[in-house]
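Chemist: The structure under discussion is supplied below as structure tokens; questions concerning it will follow.
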Amino acid sequence: YFNNEVIMNNFFVGLQFLTSLKIVKQTEWSLESFGKSVKYFPLIGAVLGIIMASFYFIAIKYLPLAHIYLSHNFLAILLFALSIILTGALHCDGFMDTADGVFSGRSKDRMLEIMKDSCVGSNAVVAFFILSILKIALFMEIPSDKLLLALFAAPILSRFNMVIAITKFPYARPDGMGKAFAEYSGATTFYIALLFTMLLIIPLGKMGISAFIISCLGGLFFCNYFSKILGGLTGDTYGAITELCEVIVLCCFLIIS
């Protein structure tokens, strides 16, 4: 038995937490709803992918900037800015906090404390600078026809890797928002998310399937790496894994022909 109202509520809980899109007004955010929204993360990625790809398509087809020399470089910067705006910099924040903690060279407990601190350290600044330059460079280098597909695929596959991180790896803290995702996601969450991902990615052909396989291998590597250092994963590492897997997907679309 499927309750459509509950399904839509869980989807919108995930959408409005992971993105800055406010489609419906929600006043109640239960921990169980957070957990049950995890299975819809690839669909949320698809919403972001459609917006990103549509923006790029409209820009290259209809904006005057499309006829100006180096406009593709300018569009790459706009695409990067749009990705941050659409997510409210949520994953970037997690990526920066993770960099501050993991590269601090401290004990596991101290790393977790650093990651929870709202102050931004030098490791975070350097890591985000490198991430920004890398993403913009990839947007510049990927050919237009492949970039359209990459913009659609990257948010889907990176969010699926977040599902892997949540459902297949232990949580490092005794509490926190990320723990709600891990605790209430349910046994079938991974398989439902995998089905959604396959339905969205298989139509993209060899590049999409290759990006799926390679990004999952990369995601598992980072999950294992962070889990080994921190004794599990956190909400911040979920964000870091999402950002890193987006880069992997973009690299796949650049390299694979």
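The values are calculated or read from the model by the stated rules, or taken from the named source; none is laboratory data. Quick caveat: nothing in here was measured; it's all calculated off a predicted structure. For neighbour counting, all protein chains shown are included, and Cβ atoms are generated from backbone atoms with ideal geometry for every residue, glycine included. Please note that ligands, DNA and RNA were not included when accessible areas were found on the heavy atoms of the full protein model with its side chains. Shrake-Rupley method; radii C 1.70, N 1.55, O 1.52, S 1.80 Å.
Chemist: Mind checking which lysines have their C-alpha under 24 Å from residue 135, skipping anything on the same chain fewer than 8 residues away?
Modeler: Those lysines meeting the cut-off are 61, 146, 206.
Chemist: Excluding residues on the same chain fewer than 8 positions from residue 36, give the lysines whose Cα lies under 17 Å from its Cα.
Modeler: Those lysines meeting the cut-off are 168, 179.
Chemist: At a Förster radius of 22 Å, what calculated FRET efficiency corresponds to the Cβ-Cβ distance of residue 140 and residue 206, to the nearest 0.05?
Modeler: It comes out at approximately 0.40.
Chemist: While we're on this one: With springs connecting C-alpha atoms under 10 Å apart, model the chain as a Gaussian network and identify which of 179, 228, 135 has the largest mean-square fluctuation.
Modeler: The residue with the greatest mean-square fluctuation here is 228.
Chemist: Please compute the per residue accessible area over region 166-257 with all protein chains in place, 1.4 Å probe, rounded to a whole number of Å².
Modeler: For region 166-257, the per-residue accessible area is 44 Å².
Chemist: What list of ³J(HN,Hα) values in whole Hz, one per residue of region 209-214 in order, does the Karplus curve 6.51 cos²θ - 1.76 cosθ + 1.60 (θ = phi - 60°) give from phi, with Gly and Pro shown as x?
Modeler: 5, 4, 5, 4, 5, 5
Chemist: Once amide H atoms are built 1.01 Å from N in the peptide plane, which residues 5 or more positions from residue 171, or in another chain, come under 5 Å H to H?
Modeler: Close amide H contacts, sequence-distant or interchain: 233.
Chemist: Hey, what D do you get for the chain in µm²/s if you plug the Kirkwood alpha-carbon radius into Stokes-Einstein at 4 °C and 1.567 mPa s?
Modeler: The Stokes-Einstein estimate is 70 µm²/s.
Chemist: So, with a 1.4 angstrom probe, what is the percent of accessible area on the chain that is carbon and sulfur?
Modeler: Carbon-and-sulfur percentage of accessible area, whole number: 67.
Chemist: Here is a follow-up. List the relative contact order of the chain as a percent without decimals, with contacts defined as Cα pairs under 8 Å and 6+ residues apart.
Modeler: So the answer I get is 29 percent.
Chemist: With just the Cα atoms of region 124-226, tell me how far they stretch along each of the three principal axes, in Å, largest first.
Modeler: Projected onto the principal axes, the Cα atoms of region 124-226 cover 45, 37, 20 Å.
Chemist: Rolling a 1.4 angstrom probe over the protein heavy atoms, how many square angstrom per residue are accessible across region 114-161? Before the final figure, lay out the partial values.
Modeler: On the way: 2080 Å² over 48 residues.
Accessible area per residue, region 114-161: 43 Å².
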